[in-house]
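Some notes on the structure that comes next.
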Amino acid sequence: MPKSRHREGASRVDLRDLCCNPNHSCLTPSRSGTLAAPMNTTAAAVRTTALDIRYAQVGLLQLKLRSTDPGAILDELTGKVATVPQFFRQTAICLDLAELEGEPDASEMRGVIEAVRRCGMLVVGFAEGPTSTELARTMGLPVIAGFRPQNAAARAPAPATPAVAAAPVPQPLPALIHTQPVRSGQRLYARDRDLIVTASVGAAAEVMADGCVHIYGALRGRAMAGVRGDTGARVFTREFHAELVAVAGVFKVFEQLPAELAGQPVQALLAGEELRFARLDG
Amino acid sequence: MTEIIVVTSGKGGVGKTTTSASLSCGLARKGKKVAVIDFDIGLRNLDLIMGCERRVVYDFVNVIQGDCTLKQALIKDKRLETLHVLAASQTRDKDALTAEGVRRVLDELAAEGFDYIICDSPAGIEKGAHLAMYYADRAVVVVNPEVSSVRDSDRILGLLASKTERAEKGNGGVKEHLLLTRYSPRRVAAGEMLSVADVKEILGLDVIGVIPESTDVLTASNAGTPVILNEGSDVSEAYTDAVERLLGTELPLRFVDEPKKGFFARMFGG
């Protein structure tokens, strides 16, 4: 399998980990869409060096801790991970200690980090806060502040190109379009964009997107939209026979297909904490 | 140009070896030079179905490991001059197969002027099945009209589209065909069995043939005669049609409708 990893900022992850088809188009690294590099001479000169420093829009999951009990953490996390396991696997986690009573010490923290690791996630830093700086230094982990463009410009290491201070709004990525049937056992993940499948999704197949999931065919497997927390995302299908549908982690399993939905064009959306299903008319 | 056809399914017991044997005979009967290879190392059945189990001296693994030449291992069929069988090893297991070894054997068969190489895949998705499909140009996916077989075939279709040399190199992909076996029109009419249309809808592919359920299959395998050679039986006709479609001729599907009962049969039962 070709191993060319093109990392443009921390938000790009090798989708081969998630998508079982190594030749799939979602692996094309050229459609970056994050902070566009300006075509000026500084950028051109930088391109010939060994590395590039850029500011990436990082989507980082935060774990807000209310307890440092590793057992409790393991229990609760395992439950949450079970809902969307492939989404959580090897995900970067930032620990927010703001709601803890008192300052935890390094050994307590190690227990917490181990518990998180056992659920398949990786702690990459601490959220900015009163207790985090000392602790972060002891543990050798960074303190991660919320990303604000003006702060980024202030801390920009040389060469600071004018484009970084202006921080152009990242262009939304066009949808990932998949034209072949998604076969049983295959998994498809559209990161940072919508997913459009113009064929059917087989039983025990999984299709996921950070945005919406559109299936212009039959949905017989699992469809998960808004996988990284977008509660406004929806799932659409022309023929509803789904095994499981989820939006932003809220899921529903279909042991029996309700008569009014079975085989019909259906959309699924999140209304508050509840997943609602509706016929698509017309 | 040698064409490599894999007969696979995912699910076990659906009729892969029966189909491999019959398709090979059907093609050989039309004058093509055909080699059929058993990839089920350790659980070999192709030699039994072909009726040459007592003539296996060297097998596929022997050839891969260089213990013998390909010519020494190939068994010539007694009924059809242009048909040759390469049996699997019964004493080894699938770890004895290597991708390079399989490639060498297939290349050597191509060099010998074989028109078709039929690879009889084992059930499952492990090494044996993977290597049987890896170098294929075409695939015949054998499906029973039954939910677990359809599910497994869907999985196999996914693997054919991604884990084969043609898929990885992007030179056209493996051409996929469905073969529906053990089809009972009576049970389909009674709503007990998936119909041809149901299977086509779920798997998204047209069928290259429908083989009716028949006691002839068991009889044939016991006799060591591939069922296509059993002249006059429905199964034999269905396989013959399938061979024609494989070669590009379009034929209407037979044996998919419940036979209409005549007046006397309806009056007096039967």
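Data for the structure
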| quantity | calculated |
| --- | --- |
| Any hit, segment A:87-106, residues being under 30 Å from A:VAL253 (Cβ atoms), without any contact (Cβ under 8 Å) to a residue 40 or more places away in the chain and of a type in the set (Ser, Thr, Tyr) | yes |
| Subset of segment A:174-187 (residues that are within 11 Å of another protein chain (Cβ to nearest Cβ) and in contact (Cβ under 8 Å) with a residue 40 or more places away in the chain) | A:GLY185, A:GLN186, A:ARG187 |
| Identity of the residue in segment A:224-246, aliphatic (A, V, I, L, M), touching a residue at least 40 places away in the same chain (Cβ under 8 Å) and assigned to a strand (DSSP E or B), that ends up nearest to the other protein chains (Cβ to nearest Cβ) | A:MET224 |
| Residues satisfying the stated conditions in segment A:185-209, i.e. buried (at least 24 other Cβ atoms within 10 Å of the Cβ) and in a loop (DSSP other than H, G, I, E, B) | A:GLN186, A:SER200, A:GLY202, A:ALA205 |
| Residue check, A:HIS214 within 14 Å of chain B (Cβ to nearest Cβ) and at pLDDT 95 or above | no |
| Matching option when the condition is more than 14 Å from every other protein chain (Cβ to nearest Cβ), under 23 Å from B:ARG29 (Cβ atoms), under 16 Å from the mean Cα position of the chain (by Cα) and in a strand (DSSP E or B), among B:THR225, B:THR181 | B:THR181 |
| Pick from segment B:184-204, criterion within 14 Å of another protein chain (Cβ to nearest Cβ) and outside any helix (DSSP H, G or I), ranking: surrounded by the fewest Cβ atoms within 10 Å (Cβ to Cβ) | B:GLY204 |
| The lone exception for B:LEU43 - which of (1) part of a loop (DSSP other than H, G, I, E, B); (2) over 17 Å from the mean Cα position of the chain (by Cα); (3) on the phi < 0 side of the Ramachandran plot it fails | (2) |
| Subset of segment B:1-42 [small (Gly, Ala, Ser) and within 22 Å of B:ASP154 (Cα to Cα)] | B:SER9, B:GLY10, B:GLY12, B:GLY13, B:GLY15, B:SER20 |
| Test for B:GLU168: is it modelled with pLDDT under 95, at negative phi and part of a helix (DSSP H, G or I) | yes |
| Residues of segment B:228-270 satisfying the condition of being part of a loop (DSSP other than H, G, I, E, B), at negative phi, touching a residue at least 24 places away in the same chain (Cβ under 8 Å) and of a type outside the set (Asp, Glu) | B:LEU247, B:LEU253, B:ARG254, B:VAL256, B:PRO259 |
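Conditions tested, residue by residue: (1) in a loop (DSSP other than H, G, I, E, B); (2) of a type in the set (Ser, Thr, Tyr); (3) away from chain A (no Cβ under 13 Å); (4) under 18 Å from the mean Cα position of the chain (by Cα).
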site	(1), (2), (3), (4)
B:GLY128	no, no, yes, yes
B:ARG151	no, no, no, no
B:ASP154	no, no, no, yes
B:LEU159	no, no, no, yes
B:LYS163	yes, no, no, no
B:HIS177	no, no, yes, yes
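For every residue, the table says whether it meets (1) more than 30 Å from B:ARG103 (Cβ to Cβ); (2) of a type in the set (A, V, I, L, M).
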{"site": "B:ALA129", "(1), (2)": "no, yes"}
{"site": "B:TYR135", "(1), (2)": "no, no"}
{"site": "B:ARG138", "(1), (2)": "no, no"}
{"site": "B:ASN144", "(1), (2)": "yes, no"}
{"site": "B:SER153", "(1), (2)": "no, no"}
{"site": "B:GLY158", "(1), (2)": "no, no"}
{"site": "B:GLY173", "(1), (2)": "no, no"}
{"site": "B:LEU179", "(1), (2)": "no, yes"}
{"site": "B:TYR183", "(1), (2)": "yes, no"}
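The values are calculated or read from the model by the stated rules, or taken from the named source; none is laboratory data. These numbers were taken from a predicted model, which means no experiment stands behind them. A quick note on method: Cβ atoms are made from the backbone with ideal geometry, for glycine too, and the neighbour counts reach across all protein chains shown.
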